[in-house]
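**Q** Structure in structure tokens, see below.
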There are 2 protein chains.
Amino acid sequence: MTGVEGRRRVVIERVLPEVDGGRYPIKRTIGEDVVVEADVFADGHDLLGVALLYRRDGDPEWNETPMAFLTNDRWRASFRVAELGRYLYTVTGWVDHFKTWRRDFYKKVDSGQHVLVELLQGARLIDEASHRPPKAEGKSLKEWADQLRSSDATEPRRIEQALDLDMAALMAKYPDRRFATHYERELGVVVDREKARFSAWYEMFPRSCSQRGEHGTFKDCEARLPYIASMGFDVLYLPPIHPIGVTHRKGKNNSPAAAPDDPGSPWGIGSPDGGHKAIHTQLGTTKDFRKFLEKARSLGLEVALDLAFQCSPDHPYVEQHRGWFKFRSDGTVQYAENPPKKYQDIVPLEFATDQWELLWQELKSVMIYWIEQGVRIFRVDNPHTKPFMFWEWLIHEIQEDYPDIIFLAEAFTRPKVMYRLAKLGFTQSYTYFAWRSTKAELMEYFTELTHGGVHEYFRPNLWPNTPDILTEELQHGGRPAFMTRFVLASTLGASYGIYGPAFELCENRPREAGSEEYLNSEKYEIKQWNIERDDSLKEFIGLVNRIRRENPALHSDGSLHFHATDNDQLICYSKSTPDGSNVILVVVNLSPYHTHSGWVQLDLNPLWLDPQHPFQVQDLLTNAYYHWDGPRNYVEINPHSVPAHIFLVRRRLRREQDFDYYM
Amino acid sequence: MTGVEGRRRVVIERVLPEVDGGRYPIKRTIGEDVVVEADVFADGHDLLGVALLYRRDGDPEWNETPMAFLTNDRWRASFRVAELGRYLYTVTGWVDHFKTWRRDFYKKVDSGQHVLVELLQGARLIDEASHRPPKAEGKSLKEWADQLRSSDATEPRRIEQALDLDMAALMAKYPDRRFATHYERELGVVVDREKARFSAWYEMFPRSCSQRGEHGTFKDCEARLPYIASMGFDVLYLPPIHPIGVTHRKGKNNSPAAAPDDPGSPWGIGSPDGGHKAIHTQLGTTKDFRKFLEKARSLGLEVALDLAFQCSPDHPYVEQHRGWFKFRSDGTVQYAENPPKKYQDIVPLEFATDQWELLWQELKSVMIYWIEQGVRIFRVDNPHTKPFMFWEWLIHEIQEDYPDIIFLAEAFTRPKVMYRLAKLGFTQSYTYFAWRSTKAELMEYFTELTHGGVHEYFRPNLWPNTPDILTEELQHGGRPAFMTRFVLASTLGASYGIYGPAFELCENRPREAGSEEYLNSEKYEIKQWNIERDDSLKEFIGLVNRIRRENPALHSDGSLHFHATDNDQLICYSKSTPDGSNVILVVVNLSPYHTHSGWVQLDLNPLWLDPQHPFQVQDLLTNAYYHWDGPRNYVEINPHSVPAHIFLVRRRLRREQDFDYYM
């Protein structure tokens, strides 16, 4: 019976949270609680002691907190993660012979049985325990055992002593844990900073920031910063800022032949001027970039760079590291394809190269380079076309030294691939939000994302548009559609982003019918946006972002709850803080065309409402107040004014007792 | 990057069936298929090869079968388990560069592109592959590659050759699997004989088999065998047959003091005559027992013994192995307790003893002893009061040498404990069936047992009564209640059992109101049953058991499907064989008092029925035929005649085309 300890009687099963049998860590942000549950039980009817063990990865010692029994063999405890980096947790359990003895002893006393023999059994257990604590406590236990055995005292007196609570507490401190069971896995937590969970992104092409019709510079971008900050964003994401290749460069509207003055797609990275560590000359110098970062930071904006691990045919890597690419039998470097389509301006890195270790290290050095310039957030382009193992390694390597780095995965791909990338380390992920428009679609998708395990590792970042995605809804729904999709993105998602100024200016012309590409897409040309236009959504966006900041219920996604409505064009949902101190209820008219009205049927529990009391909802968009009573309430929304309510739920109405003079 | 192979691109997740992350094996019986599914995917858009690997535990080589792509990155294959014992299975996947090349090549050809460069790429892949197969096949590949490169042939001819199907099949035999991913776990299957899945148990006290009012003997039992066989049972389970202790022996109706002629509970095992390897003298000798086994076998009955690992205070172990027991401080051996109740006729084995290894080995030797006498089925008494590790070890040890041994767990305890015992090896398990009486309760419980993972390891054995359990339903519902519960047990469960003759004679007097104990329980006294009584259910039981045997749909539980009815007293469910060749539909009136009628709303899919065609149902209990059409059908059941329909569903009605003379 090698390796077996037959006296280990406790079983620990179904520990949650646990991702894929412990293969991947869960994610939390600083200050959050990790609530752990487990099935813990033993044969027979003995009482158990169960503890949650946790520590920072690398710490030699576990911290320990007792788990509380819930019901049906389930136990629960929690711990708070206070520092960036990785934590570990697991569960341990043991049979508590003293607690068992005490329970049975009490029952026998209670039913009037003689317990002299049981007193001696108890004394024996206490004697054994007395060797475990430090001296003073051990001595108390020893004395206690003697009292239980003492034939000088009466039986009632000895029973009273046996049930002494202080002594029981002391025994609980020193149980016999020689045969404790440890759960077979240590589970991980990655702890990120708050922005990993709560962030508002703004995507902008730096080269379009000049107001003089020229190629924009970082200096022009600096001038644009107050505008972006005034809308309340906190992450400013730039498409690649590196030198752009010339060979097979794409022209306006993705035409195969560029005109001489066409700037090319920023994702065609690399020219004789340099590659992924260089800056496109027309944007400015590294010094300019650092100054721009500084200015942004002073306005509460963090700059996110684009990590697009691909090259133009002119990238220095192509000559310096021929082994990192595929070459065709005609001697040319293999460009990207999705047959029959060809992307001749892009050459993919060949991750299956024999020199993969060198390649991985080089790509890591690219990240380190920009981190050293002051960048802390990266939006990763198409991570699903590079090996999973590479990302797992890279993110782990980087976060070991820089635990504050945030990775956003731009993986518009199949669901299991998206989830896998999140599991292996991406901090946030793009989602299918752009293509979820009906009430049923939105409810199903966001229930999947916020309940049932996915939310332990996948943090959605909701984009109503991107330079690649102008949805049909936005094409046809006009300004109300932009407002609706903005409210949905920014309240369904604690993290969301827009591609501007196209978004706030409601740019909605597609390249052709049936296409999601923008007409005259900014990917291939420099644009001049009139950000001062009267019909801009900048004020509305600023208002919603202020509501988001001021209401902690909107800072996370786990509490999302959908409420029924009797009109399929009206969607209703709520979010709340874990203590119920802030509750937000959102109702959106999904139709950009018509006014819709109907009855919402509220679930009062997730709203922290008492069915016995009326309550008040305050629309934070319009500042209108409504007095509601019970679950069923009427709403009417005209998309041509404001297409949504964002209600602050106020639990208690002011009554006469609340006035100062009421006694 | 120690230990990392960066070119391993395939990911394998969510392999099913898998119990607790592979910690426990699934269960199957000989001849069944193990259907395995997995999420398998890689970065990018390359095509994959995926294979299911399986082997008998101990075999050095894997068998391999290709997995088929379903949808959404899910793959499936199956293998058949043909021998008793343990099998292993896992999944492997790799990027198939040739299949990918062929797909892209075809698309380019299809869109009219020039493909000379692609032909050379294909030739290179074929060249590489030509080194992997045996000589002849390698030579064909080499020649094929040359043809693709040949400048003598026209491009259309070379394209045709490149898409050659035979050659593609040859390439599929020899993919490049250097960087294949193996799923990180090997998963187990325990393969039992058919009786593990399909069995009808009859429990009987041997000492009550005499018709002369004396203590019954194995000879008397032999005389009873034809009666039991005629009812169609195939397992005959006997409560313990060992010497019964005298100290603190319980009298009639569990009274604390036995009269001199009270026989005591058979579960009070051990006397100066011997312990777990001895036979109670009044029953007969070991030779008699073996003869009885032989006779039973000749009638199609296997005898199951009771494995009750506990002792009377008179068991030889108590003196021989004092370390296996707890002793009280007054020097007496510790009896079983559930404070304030005391069970002084039973002393539990102390599994936490320092001598646990010796104890485990002794208990194993008890099993070996009876196995050598010819016993192959054991009903295990209260396994939940002995350590889980002990059972896992014991069952594994025994089944390694005797893979045909069946263990039935009598664990009436909390659900997670029941499931854990099943996971760690028990072949079958008692259930909560006795206490599930309403339609909602039955549907919820049997959905849990047959769907959602539990069925992979937990094989329910349904008992409407036991010597300890006379449910309130049986106490009050009269003969119709016995018939109803019998039909439910024997058709909801591929395995079920009754405690007789109490059951077939509808014995329903409780010791007192509110008790589930029988009045004058056979546990404490010898009974004489008049098995020839006119109102016995023996004929009905025989009929139902014949229906069970003749209809393979009732031989397993996985296909169980509930159908809606509009009357809460009518429950309706079906079972079918995997190929749909046998479909059984059961409707039971749950009320033993009143006739109930209503409409059943059939789901036609699980019944293998075509909504376009009428069908026939034949009641196998009454031989009545009904012609039904579509999902909605009327039923009316009088519990005082037959309280259920067991319909054979006949898919095609005879039409004029079926007559011989129809042309």
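**Q** Can you go through A:Ser515, A:Ser495, A:Ser521, A:Ser536 and tell me which one is under 30 Å from A:Cys209 (Cα atoms) and under 18 Å from the mean Cα position of the chain (by Cα)? Working first, answer last.
**A** On the way: A:Ser515 fails: under 18 Å from the mean Cα position of the chain (by Cα); A:Ser521 fails: under 18 Å from the mean Cα position of the chain (by Cα); A:Ser536 fails: under 18 Å from the mean Cα position of the chain (by Cα).
Going through A:Ser515, A:Ser495, A:Ser521, A:Ser536 in turn, just one is under 30 Å from A:Cys209 (Cα atoms) and under 18 Å from the mean Cα position of the chain (by Cα): A:Ser495.
**Q** Out of B:Gly216, B:Gly232, report the one residue that is under 17 Å from B:Lys295 (Cβ atoms) and either in contact with a helix residue (DSSP H, G or I) (Cβ under 7 Å, 6 or more places away or on another chain) or assigned to a helix (DSSP H, G or I) (or both).
**A** B:Gly216
**Q** Please give the number of the condition A:Ala180 fails out of (1) farther than 30 Å from A:Lys135 by Cα; (2) hydrophobic (A, V, I, L, M, F, W, C); (3) surrounded by fewer than 20 Cβ atoms within 10 Å (Cβ to Cβ).
**A** It is condition (1) that A:Ala180 fails.
**Q** Moving to a separate point now. What pairs can you find where one residue is in the stretch B:389-407 and without any contact (Cβ under 8 Å) to a residue 24 or more places away in the chain, the other is of a type in the set (D, E, K, R) and exposed (fewer than 14 other Cβ atoms within 10 Å of the Cβ), and their Cβ atoms are less than 9 Å apart, with a gap of 6+ or different chains?
**A** From residues that are without any contact (Cβ under 8 Å) to a residue 24 or more places away in the chain, the pairs are B:Met389/A:Glu5.
**Q** Moving on to the next point. Can you tell me which residue in the stretch B:237-277 is nearest to B:Tyr202 (Cα to Cα), limited to those that are of a type in the set (Val, Ile, Thr) and touching a His at 6+ places or on another chain (Cβ under 7 Å)? First the steps, then the outcome.
**A** Taking the stretch B:237-277 first, the residues of a type in the set (Val, Ile, Thr) are B:241, B:244, B:246-247, B:269.
Among the residues that remain, those that are also touching a His at 6+ places or on another chain (Cβ under 7 Å) are: B:241, B:244, B:269.
On the way: B:Ile241: 16, B:Ile244: 23, B:Ile269: 22 Å.
In this case the residue turns out to be B:Ile241.
**Q** Across the stretch B:375-400, which residue is surrounded by the fewest Cβ atoms within 10 Å (Cβ to Cβ) among those that are among the aliphatic types (A, V, I, L, M) and in a helix (DSSP H, G or I)? First the steps, then the outcome.
**A** Just the residues of the stretch B:375-400 that are among the aliphatic types (A, V, I, L, M), to begin with: B:375, B:377, B:380, B:389, B:394-395, B:398.
Those left that are additionally in a helix (DSSP H, G or I): B:389, B:394-395, B:398.
Values: B:Met389: 22, B:Leu394: 22, B:Ile395: 23, B:Ile398: 18.
Step by step, filter the stretch B:375-400, then rank; the result is B:Ile398.
**Q** Ok, one more. Check whether at least one residue in the stretch B:157-175 is farther than 17 Å from B:Gly49 by Cβ and within 13 Å of chain A (Cβ to nearest Cβ), and report yes or no.
**A** So far as the stretch B:157-175 goes, no, none of its residues is farther than 17 Å from B:Gly49 by Cβ and within 13 Å of chain A (Cβ to nearest Cβ).
**Q** List every residue pair whose Cβ atoms sit under 8 Å apart, with the two residues 6 or more apart in sequence or on different chains, where the first one lies in the stretch B:335-346 and is at negative phi and within 12 Å of another protein chain (Cβ to nearest Cβ) and the second, anywhere, is surrounded by fewer than 18 Cβ atoms within 10 Å (Cβ to Cβ) and of a type in the set (Asp, Glu).
**A** That search, which allows pairs on different chains as well, returns B:Pro340/A:Asp110.
**Q** Further question on the same structure: Can you tell me which residues in the stretch A:389-411 are touching a helix residue (DSSP H, G or I) at 6+ places or on another chain (Cβ under 8 Å) and either within 11 Å of chain B (Cβ to nearest Cβ) or of a type in the set (A, V, I, L, M, F, W, C) (or both)? Before you say what the answer is, go through the steps one by one.
**A** First, pick out the residues of the stretch A:389-411 that are touching a helix residue (DSSP H, G or I) at 6+ places or on another chain (Cβ under 8 Å): A:390-391, A:393-394, A:397-398, A:402, A:405-407, A:409-411.
Listed by number, the residues that qualify are A:Phe390, A:Trp391, A:Trp393, A:Leu394, A:Glu397, A:Ile398, A:Ile405, A:Ile406, A:Phe407, A:Ala409, A:Ala411.
**Q** Additional query: Show me the strands (runs of 3 or more DSSP E) entirely contained within the stretch B:1-110 in which 2 or more residues are more than 14 Å from chain A (Cβ to nearest Cβ), surrounded by fewer than 16 Cβ atoms within 10 Å (Cβ to Cβ) and at pLDDT 95 or above. Break it down stepwise before answering.
**A** On the way: elements: B:10-16, B:26-29, B:33-42, B:48-56, B:63-66, B:74-80, B:85-95.
Strands (runs of 3 or more DSSP E) meeting the threshold: B:33-42, B:63-66, B:74-80.
**Q** Please report, ordered by residue number, the strands (runs of 3 or more DSSP E) entirely within the stretch B:532-615 with at least 1 residues that are touching a residue at least 24 places away in the same chain (Cβ under 8 Å), of a type in the set (Phe, Trp, Tyr) and out of contact with any Cys (no Cβ under 8 Å at 6 or more places or on another chain). Spell out how you get there, then give the answer.
**A** On the way: elements: B:561-565, B:570-576, B:583-589, B:596-601.
Filter on the stretch B:532-615 gives B:570-576, B:596-601.
**Q** It is to be established whether one or more residues within the stretch B:132-149 are within 14 Å of another protein chain (Cβ to nearest Cβ), out of contact with any Asp or Glu (no Cβ under 7 Å at 6 or more places or on another chain) and hydrophobic (A, V, I, L, M, F, W, C). Walk me through it before giving the result.
**A** Here is the first cut: in the stretch B:132-149, the residues within 14 Å of another protein chain (Cβ to nearest Cβ) are B:145, B:148-149.
Add one more test, that the residue is out of contact with any Asp or Glu (no Cβ under 7 Å at 6 or more places or on another chain), and what stays is B:148-149.
From what is left, the residues that are hydrophobic (A, V, I, L, M, F, W, C) are B:148.
Yes - at least one qualifying residue is present in the stretch B:132-149.
**Q** Report, by residue number, each residue of the stretch B:347-360 that is among the polar types (S, T, N, Q) and at the interface with chain A (Cβ under 9 Å from one of its Cβ atoms). Working first, answer last.
**A** Taking the stretch B:347-360 as the starting set, the residues that turn out to be among the polar types (S, T, N, Q) are B:353, B:355.
Result: B:Thr353, single match.
**Q** Name the residue, out of B:Lys386, B:Lys291, that is touching a residue at least 60 places away in the same chain (Cβ under 8 Å), of a type in the set (D, E, K, R) and away from every other protein chain (no Cβ under 14 Å). Don't jump to the end; show me each part of the working.
**A** Working: B:Lys386 fails: away from every other protein chain (no Cβ under 14 Å).
Only one candidate qualifies: B:Lys291.
**Q** A follow-up question, please. I'd like the full set of residues that are under 16 Å from A:Arg548 (Cβ atoms), in contact (Cβ under 8 Å) with a residue 24 or more places away in the chain and out of contact with any Lys or Arg (no Cβ under 7 Å at 6 or more places or on another chain), limited to the stretch A:484-502. Outline the logic, then answer.
**A** Filtering the stretch A:484-502 for residues under 16 Å from A:Arg548 (Cβ atoms) gives A:485-498.
Subsequent filtering for residues that are in contact (Cβ under 8 Å) with a residue 24 or more places away in the chain retains A:486-498.
Matches in the stretch A:484-502: A:Phe486, A:Val487, A:Leu488, A:Ala489, A:Thr491, A:Leu492, A:Gly493, A:Tyr496, A:Gly497, A:Ile498.
**Q** Taking the stretch A:295-349 as the search range and keeping residues that are β-branched (Val, Ile, Thr) and in contact with a strand residue (DSSP E or B) (Cβ under 7 Å, 6 or more places away or on another chain), which one is nearest to A:Tyr227 (Cα to Cα)?
**A** If we take residues in the stretch A:295-349 being β-branched (Val, Ile, Thr) and in contact with a strand residue (DSSP E or B) (Cβ under 7 Å, 6 or more places away or on another chain), then A:Val303 is nearest to A:Tyr227 (Cα to Cα).
**Q** Tell me, which strands (runs of 3 or more DSSP E) lie completely within the stretch A:272-373 with 3 or more residues that are surrounded by fewer than 20 Cβ atoms within 10 Å (Cβ to Cβ)? Show your work before the answer.
**A** Details: elements: A:302-307, A:336-338, A:341-343.
Qualifying strands (runs of 3 or more DSSP E): A:336-338, A:341-343.
**Q** Next question, about the same structure. Just wondering, is there one or more residues in the stretch B:231-244 that are within 19 Å of B:Ala304 (Cα to Cα), in contact (Cβ under 8 Å) with a residue 24 or more places away in the chain and hydroxyl-bearing (Ser, Thr, Tyr)?
**A** Yes - at least one qualifying residue is present in the stretch B:231-244.
**Q** Taking into account only those residues within the stretch A:424-442 that are among the hydrophobic types (A, V, I, L, M, F, W, C) and over 12 Å from the mean Cα position of the chain (by Cα), which is farthest from A:Phe562 (Cα to Cα)?
**A** Applying the first criterion (among the hydrophobic types (A, V, I, L, M, F, W, C)) to the stretch A:424-442 yields A:424, A:426, A:433-435, A:440, A:442.
Pick out the ones that are also over 12 Å from the mean Cα position of the chain (by Cα) and you get A:424, A:433-435, A:440, A:442.
Details: A:Leu424: 29, A:Phe433: 16, A:Ala434: 19, A:Trp435: 19, A:Ala440: 11, A:Leu442: 10 Å.
Ranking the candidates gives A:Leu424 first.
**Q** Just wondering, is there one or more residues in the stretch B:187-198 that are among the charged types (D, E, K, R) and part of a strand (DSSP E or B)? Can you show your working first?
**A** Taking the stretch B:187-198 first, the residues among the charged types (D, E, K, R) are B:192-195, B:197.
Retained after the next criterion (residues that are part of a strand (DSSP E or B)): B:192.
The answer is yes, given that some residue of the stretch B:187-198 is among the charged types (D, E, K, R) and part of a strand (DSSP E or B).
**Q** Looking only at residues in the stretch B:313-329 that are within 13 Å of another protein chain (Cβ to nearest Cβ) and within 17 Å of B:His248 (Cα to Cα), which one is modelled with the highest pLDDT?
**A** B:Phe327
**Q** Scan the stretch A:643-663 residue by residue and report those that are modelled with pLDDT of 95 or more and surrounded by fewer than 20 Cβ atoms within 10 Å (Cβ to Cβ). Full working, then the answer.
**A** In the first step, residues of the stretch A:643-663 are kept if they are modelled with pLDDT of 95 or more; the result is A:643-649.
Selection gives A:Leu648 alone.
**Q** Going residue by residue through the stretch A:368-380, is there one that turns out to be at the interface with chain B (Cβ under 9 Å from one of its Cβ atoms), within 19 Å of the chain's Cα centre (by Cα) and not hydroxyl-bearing (Ser, Thr, Tyr)? Don't jump to the end; show me each part of the working.
**A** Restricting attention to the stretch A:368-380, the residues satisfying the condition of being at the interface with chain B (Cβ under 9 Å from one of its Cβ atoms) are none.
No, the stretch A:368-380 contains no residue that is at the interface with chain B (Cβ under 9 Å from one of its Cβ atoms), within 19 Å of the chain's Cα centre (by Cα) and not hydroxyl-bearing (Ser, Thr, Tyr).
**Q** Here's something else I'd like to know. Need pairs with beta-carbon distance below 6 Å; first residue within 25 Å of B:His45 (Cβ to Cβ) and within the stretch A:350-371, second part of a loop (DSSP other than H, G, I, E, B) and of a type in the set (A, V, I, L, M, F, W, C); sequence gap 6+ or separate chains.
**A** Between residues of the stretch A:350-371 that are within 25 Å of B:His45 (Cβ to Cβ) and residues that are part of a loop (DSSP other than H, G, I, E, B) and of a type in the set (A, V, I, L, M, F, W, C), the close pairs are A:Glu350/A:Phe325; A:Glu357/B:Met1; A:Leu363/A:Phe309.
**Q** Could you tell me how many of the residues in the stretch A:558-592 are among the charged types (D, E, K, R), modelled with pLDDT of 95 or more and surrounded by fewer than 20 Cβ atoms within 10 Å (Cβ to Cβ)? Give the steps one after another, and end with the answer.
**A** Here is the first cut: in the stretch A:558-592, the residues among the charged types (D, E, K, R) are A:566, A:568, A:575, A:579.
Filter once more, so that each one left must be modelled with pLDDT of 95 or more: A:566, A:568, A:575.
Subset that is surrounded by fewer than 20 Cβ atoms within 10 Å (Cβ to Cβ): A:566, A:568.
Final tally of qualifying residues: 2.
**Q** On to the next question. Could you list, in sequence order, the residues of the stretch A:133-184 that are at pLDDT below 95 and under 30 Å from A:Asp20 (Cβ atoms)?
**A** A:Glu184
The values are calculated or read from the model by the stated rules, or taken from the named source; none is laboratory data. Keep in mind that what you see is a predicted model, and the values were worked out from it rather than measured. All Cβ positions, glycine included, derive from the backbone under ideal geometry; neighbour counts span all protein chains shown.
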